[in-house]
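One structure below.
We did not get these values from a lab; they are worked out from the coordinates using the rules stated. Just so it is clear, the model here is predicted, and its values are computed rather than measured. Positions of Cβ are backbone-derived with ideal geometry, glycine not excepted, and every protein chain shown enters the neighbour counts.
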Amino acid sequence: MKHDERIAPVPGDYNLKDYEEAYRTFSWEEAEKVFSWSETGKVNMAYECIDRHCEGPRKNKVALYYSDPSGRDEKYTFYELKRLSNKFGNVLRKFGVKKGDRVFVFLPRSPELYVSVLGTIKIGAIVGPLFEAFMEGAVRDRLADSEAVALVTNPQLLPRVPIKELPALKHIILVGAGDALPQGDGVGFYDYHKEMAAASEELEIEWVDREDGLILHYTSGSTGKPKGVLHVHNAMIQHYWTAKWVLDLKDDDIYWCTADPGWVTGTSYGIFGPWLNGATCVVRGGRFNPDDWYATIEKYGVTVWYSAPTAFRMLMAAGDDVVKKYNLSTLRHILSVGEPLNPEVVRWGLKVFGKRIHDTWWMTETGAMLIVNFPCMDIKPGSMGKPFPGIQAAIIDDNGNELPPYRMGHLAIRVGWPSMMRKIWNNDAKYREYFRIPGWYVSGDSAYRDEDGYFWFQGRVDDVINTSGERVGPFEVESCLVEHPAVAEAGVIGKPDPVRGEIIKAFVALRAGYEPSEELKQDIIRFVKERLAAHAAPREIEFRDKLPKTRSGKIMRRVLKAWELGLPTGDLSTMED
Ligand code: WTA
């Protein structure tokens with residue numbers, strides 16, 4: 001199992017020059033002193049990201065370039081974002097939204113989304129970003145669980161918001177509604193642009209405690225509905241340092257994080273990390289398309305690029321000729337997150353971009369990067385890298401004993417890093433499960449460590465599916481499937497896939513009176529797409545007369561997976577006859 005392949009760092013002037021030295025000497029107590037609030041105790045993430053830069057030479061620097069295939073093409077300086085987010089904060093305040101309230105943003109990537117997120121944070125409210133791809137069931141679960149009082153969306157997405165089922169929701173701000181505002185349902189509807197035009201540019205920022213709520217990201221586990229992971233303003237300490245040292249951001253960088261803010265990568269590293277460092281961010285609207293992506297790098301002269309393995313694999317599949325059509329010579333630093341980064345993708349990156357792709361490992365729950373490849377260190381292709389300074393990572397067994405090199409076990413982190421989640425909304429029991437081994441945060445991933453301290457991802461311990469970097473809970477999909485009139489029972493697994501990492505496969509037993517057919521398969525797939533989201537719908541369905549269940553009636557996904565992979569099914573003693 002020795003890993004001999006190494007790719008040496010490209011000589012350069014990195015923000016972090018010596019990993020070992022930094023790991024030895026770093027402390028979070030010292031690290032937080034870059035922020036003046038560590039003395040005053042008065043903090044606000046949006047102030048640190050935007051307003052602070054307006055007091056110095058970055059005031060008129062471009063903070064955000066935005067463009068999309070529809071032809072929008074805009075740029076915003078830090079000073080412009082300061083004034084716009086002030087206005088949005090005032091809009092919310094006018095409606096009576098206050099500190100601690102939940103405000104959700106359900107919009108495609110657009111300047112309005114970023115302004116809404118910043119403005120919400122400025123008044124001390126907790127922001128909840130939602131993927132534009134979410135359908136009614138997914139939107140309802142999140143707004144209901146969080147009891148959101150306000151929502152920013154647009155007329156196209158509004159039909160997916162089941163207002164009558166959301167008694168806490170009082171204010172809906174529509175981007176692009178104009179005079180065509182709906183009425184009724186006990187909710188106030190407002191036009192975003194009209195409200196913004198009328199609002200003042202001056203705002204009293206809500207100074208909060210470092211432990212006050214900042215953002216709520218819903219993510220999937222193997223059981224139950226999606227869980228609301230709460231992060232607090234204190235997370236900025238880690239956002240700042242990881243963006244500085246791992247993304248290696250410098251003042252003249254043009255940085256592109258391809259992730260949507262509906263996913264934690266799109267906020268921690270699409271908003272907070274880069275703007276805390278005063279970097280210029282590129283946001284490209286619309287869908288993935290190889291030509292469009294390369295053209296975006298060329299158009300803006302992107303220097304630092306953070307993306308995901310599925311995207312790199314799709315670019316790789318599109319062929320090297322597409323790469324050659326564009327001038328990508330500005331690229332200086334490339335990074336990846338969300339799924340295992342295959343060694344062949346790293347080798348391909350070296351060939352076509354002439355650059356290493358740096359893997360980073362972290363989770364929605366961890367709030368920021370924990371295990372990473374720094375620009376200053378050797379990459380071992382296939383490894384997630386080493387712990388960030390201030391992070392103690394280990395491989396442990398079920399009892400919390402640390403395991404020697406190459407032994408596979410739980411990937412666990414010593415509790416107590418700045419960006420760790422502080423709560424699972426309405427679900428303390430679930431929160432405690434992560435800390436069931438005293439002193440450790442248990443990630444749910446299995447991994448091993450090699451003799452040089454590099455970590456190697458092996459898989460999930462639970463049934464969580466990772467398809468194209470999106471976490472999907474099998475329970476959520478199964479619950480939706482059994483609502484279909486033809487479906488009696490359903491079991492859902494992740495099936496290995498060369499491009500997407502995994503695809504969702506459903507095993508379905510039909511109700512009496514229904515016969516398997518291709519048409520029925522398509523109908524069931526459509527059913528899930530319309531209720532949850534396209535990425536949560538099975539790509540494959542297999543009909544079976546019966547599904548393997550425990551005597552207590554739980555579908556045994558482990559057996560389904562063994563069937564799928566043609567592996568032995570293991571211990572079946574708990575299975576009903
Ligand atoms: C997986 C937030 C392998 C892992 C960023 C983790 C990875 C889950 C990597 C978190 C990586 C993330 N290599 N697997 N570099 N990064 N994962 O919360 O299983 O949507 O537990 O991601 O993605 O998913 P989440």
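Structure data summary
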item: Assigned charges on the beta-carbon of Lys, Arg, Asp, Glu; the chain dipole about Cα centre (debye); result: 300
item: Rounded, prolate or oblate (a/c below 1.5 giving rounded, otherwise prolate when a/b exceeds b/c) for the range 496-574 by Cα gyration tensor; result: oblate
item: Globularity ratio of the range 210-338, using Cα Rg and 2.2 N^0.38 Å; result: 1.15
item: P(r) histogram, all alpha-carbon pairs of the range 359-437 included - 10 Å bins from 0, percent; result: 16, 44, 33, 7, 0
item: Length gained when the stretch V352-D251 is fully extended (0.36 nm per residue, less Cα-Cα span); result: 33.7 nm
item: Residues listed by number, the range 435-464, amide nitrogen under 17 Å from D571 label point at 7 Å toward C-beta; result: 462
item: Kirkwood hydrodynamic radius of the range 457-532, from inverse mean 1/r over distinct Cα pairs, in Å; result: 13.2
item: Trypsin sites (Lys or Arg not before Pro) restricted to the range 369-438 and DSSP loop, no more than 13 other C-beta within 10 Å; result: R407, R436
item: Part-to-part distance (alpha-carbon centres) for the range 136-150 and the range 535-577, which is given in Å; result: 31
item: Per-residue ³J(HN,Hα) for the range 330-339, Karplus 6.51 cos²θ - 1.76 cosθ + 1.60, θ = phi - 60°, Hz, x for Gly and Pro; result: 6, 4, 10, 8, 10, 9, 9, 7, x, 8
item: Anchor K122: aspartates and glutamates whose Cα lies under 16 Å away (excluding residues fewer than 8 positions away in-chain); result: E48, D51, E80, D101, E112, E201, E202, E204, E206, D209, E211, D212
item: Interchain or long-range residues, amide H under 5 Å from L64's placed H; result: Y76, C281
item: R0 of 51 Å, Cβ-Cβ distance A168-V499: FRET efficiency to nearest 0.05; result: 0.80
item: Violating pairs (Cα-Cα greater than 24 angstrom) within the set K380/K423; K59/K170; K495/K546; result: K380/K423; K59/K170
item: Highest average packing first - 482-488, 294-300, Cβ atoms within 10 Å; result: 294-300, 482-488
item: Mean shadow area of the range 12-109, taken as a quarter of the surface of its Cα convex hull (nm²); result: 10.6
item: Dipole magnitude of the range 425-577, debye to nearest 20 (Cβ charges: Lys/Arg +1, Asp/Glu -1, about Cα centre); result: 260
item: The range 261-310 shape via C-alpha gyration tensor axes, a/c threshold 1.5; result: oblate
item: 3J(HN,Hα) from dihedral phi, the range 129-134, Karplus parametrisation 6.51/-1.76/1.60, rounded to Hz, x for glycine, proline; result: x, 10, 4, 4, 6, 5
item: Which of G262, L151, L481, positive extreme of dipole for the chain (C-beta unit charges); result: L151
item: Shape box of the range 72-190 [Cα atoms, principal axes, largest first, Å]; result: 39, 32, 26
item: Isotropic mean projected area of the C-alpha convex hull, the range 410-508 (nm²); result: 9.0
item: R102 long-range amide H proximity, modeled H, under 5 Å; result: I126, V149
item: Stretch gain in nm, segment E211-E74, where the contour uses 0.36 nm per residue and the Cα spacing is subtracted; result: 45.8 nm
item: Cβ-based net charge around E165, under 15 Å, with every Lys or Arg adding one and every Asp or Glu removing one; result: +2
item: Between the range 450-481 and the range 186-216, the alpha-carbon center distance in angstrom; result: 36
item: Cleavage-rule hits (chymotrypsin sites (Phe, Trp or Tyr not before Pro)) in the range 336-375: DSSP loop, at most 11 neighbouring Cβ within 10 angstrom; result: none
item: Loop-located trypsin sites (Lys or Arg not before Pro) in the range 1-72 whose Cβ has at most 14 other Cβ within 10 Å (DSSP); result: K2, R6, K17, K42, K59, R72
item: Debye-sum result for the range 307-446 in log10 I(q)/I(0), which assumes one identical scatterer on each alpha carbon, at q = 0.09, 0.12, 0.15, 0.18 Å⁻¹; result: -0.35, -0.58, -0.82, -1.03
item: Per-selection Rg to Rh, the range 307-353 - Cα, Kirkwood hydrodynamic radius; result: 0.94
item: Sum of side-chain charges, V461 neighbourhood, beta-carbon under 11 Å (Lys, Arg +1; Asp, Glu -1); result: -3
item: Volume per residue of the C-alpha convex hull in the range 297-381, rounded to whole Å³; result: 100
item: Table column - 3J(HN,Hα) (Hz), the range 383-396, Karplus curve with 6.51, -1.76, 1.60, x for Gly and Pro; result: 9, 6, x, 10, x, 5, x, x, 10, 9, 9, 8, 9, 10
item: Flagged links, alpha-carbon separation over 32 Å, of K164/K430; K2/K324; K87/K529; K521/K549; K351/K521; result: K2/K324; K87/K529; K351/K521
item: √(5λ) per eigenvalue of the Cα gyration tensor, the chain, largest first, Å; result: 35, 32, 24
item: Stokes-Einstein D in µm²/s, Kirkwood radius over Cα pairs - the range 127-271 at 4 °C with 1.567 mPa s viscosity; result: 74
item: Cα→Cβ-extended label distance, 7 Å offset, between E519 and Q156, nm; result: 3.2
